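The values are calculated or read from the model by the stated rules, or taken from the named source; none is laboratory data. Worth saying up front: this structure is predicted, and the values here are computed from it rather than measured. Please note: Cβ atoms are built from the backbone with ideal geometry, for glycine as well, and neighbour counts cover all protein chains shown. We work out accessible area using only protein heavy atoms, side chains counted, and drop any ligands, DNA or RNA first. Shrake-Rupley method; radii C 1.70, N 1.55, O 1.52, S 1.80 Å.
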Amino acid sequence: MSRIGKAPITVPAGVEVSFNNGEMIVKGSKGELKQAIDACIGVSIEGSEITFSRESDHKDHRAKHGLYRSLVNNMIEGVSKGYVVKQELVGVGYRAAVQGQKLELALGYSHNVVFELPKEIKASAEQERGKNPIITLESFDKQLIGSVAAKIRSLRKPEPYKGKGIRFVGEQVEEKLVNQHLNNI
């Protein structure tokens with residue numbers, strides 16, 4: 001048995017969970033999410049507890065057992081608490097501004113980059129004098145917020161020589177020493 005797959009999920013108060021025709025629907029105060037679940041995985045909703053089972057020990061079934069349990073757990077956590085991702089812009093002249101669902105970034109290119117955000121994501125940008133600008137993304141969908149954050153980061157990945165670029169808050173970027181080998185000669 002999968003350690004993750006066999007662990008039951010406790011549904012918090014204020015969250016509605018239903019399973020019909022192979023589709024899990026989770027509704028909460030932050031929003032509503034849907035997830036199709038493969039027929040090889042059985043779902044049992046009893047009171048405020050959800051359990052998952054698989055029909056055999058086939059490799060594919062074992063993998064999906066833990067996968068669907070994790071996806072549903074992330075959905076329940078998202079509609080009840082939500083997810084927040086913070087990214088910082090490291091570099092001279094790097095700026096961020098949010099107008100509605102558009103994120104405008106100045107990243108050292110000849111033009112500003114305008115990034116259209118999905119309607120499920122709320123964004124804010126804060127800039128303090130002497131500190132790097134920080135972009136804050138909030139959403140109830142963990143998969144969506146992760147893919148949008150990765151797409152924003154890909155606009156200017158942190159480079160290893162000066163560390164300039166977009167990085168997650170708290171992320172450590174290993175910097176290379178340019179003249180290290182010249183000093184040893």
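Among the criteria (1) open to solvent by less than 40 Å² (accessible area, probe 1.4 Å); (2) of a type in the set (S, T, N, Q); (3) at pLDDT below 95, the one Gln87 does not fulfil is (3). Checked against (1) free of Cβ contacts under 8 Å to residues at least 24 places away in the same chain; (2) open to solvent by less than 60 Å² (accessible area, probe 1.4 Å); (3) aromatic (Phe, Trp, Tyr), Phe140 passes all but a single condition, namely (1). Every condition in (1) touching a residue at least 12 places away in the same chain (Cβ under 8 Å); (2) open to solvent by 30 Å² or more (accessible area, probe 1.4 Å); (3) not acidic (Asp, Glu) holds for Ala96 except the one numbered (2). Given the condition buried (at least 18 other Cβ atoms within 10 Å of the Cβ), under 30 Å from Ala13 (Cβ atoms), in contact with a helix residue (DSSP H, G or I) (Cβ under 6 Å, 6 or more places away or on another chain) and not β-branched (Val, Ile, Thr), answer yes or no: does some residue in the range 111-128 qualify? So far as the range 111-128 goes, no, none of its residues is buried (at least 18 other Cβ atoms within 10 Å of the Cβ), under 30 Å from Ala13 (Cβ atoms), in contact with a helix residue (DSSP H, G or I) (Cβ under 6 Å, 6 or more places away or on another chain) and not β-branched (Val, Ile, Thr). Note on the range 143-185: among residues that are part of a loop (DSSP other than H, G, I, E, B), of a type in the set (Val, Ile, Thr) and open to solvent by less than 100 Å² (accessible area, probe 1.4 Å), the one that is modelled with the lowest pLDDT is Val178.
The residue pairs whose first member lies in the range 39-64 and is in contact (Cβ under 8 Å) with a residue 60 or more places away in the chain, whose second member is loosely packed, with under 11 Cβ neighbours inside 10 Å, and whose beta carbons are closer than 9 Å, counting only pairs six or more residues apart or on different chains, are Arg62/Ser56. Inside the range 99-128, residues that are in contact with a strand residue (DSSP E or B) (Cβ under 8 Å, 6 or more places away or on another chain), without any contact (Cβ under 8 Å) to a residue 40 or more places away in the chain and part of a strand (DSSP E or B) make up a count of 10. Pairs meeting the criteria (first residue in the range 151-162 and under 18 Å from Leu137 (Cβ atoms), second residue among the hydroxyl-bearing types (Ser, Thr, Tyr) and surrounded by 14 or more Cβ atoms within 10 Å (Cβ to Cβ), beta carbons under 9 Å, at least 6 apart or on different chains) are Arg156/Tyr94. When Ile25, Ile45, Ile4, Ile9 are screened for being open to solvent by less than 20 Å² (accessible area, probe 1.4 Å) and not aromatic (Phe, Trp, Tyr), only Ile9 passes. Inspection of the range 58-75 finds no residue satisfying the criterion of being farther than 21 Å from Thr136 by Cβ, surrounded by fewer than 19 Cβ atoms within 10 Å (Cβ to Cβ) and among the β-branched types (Val, Ile, Thr).
Annotation: Arg69 fulfils all but one of (1) farther than 30 Å from Lys164 by Cβ; (2) in a loop (DSSP other than H, G, I, E, B); the unmet one is (2).
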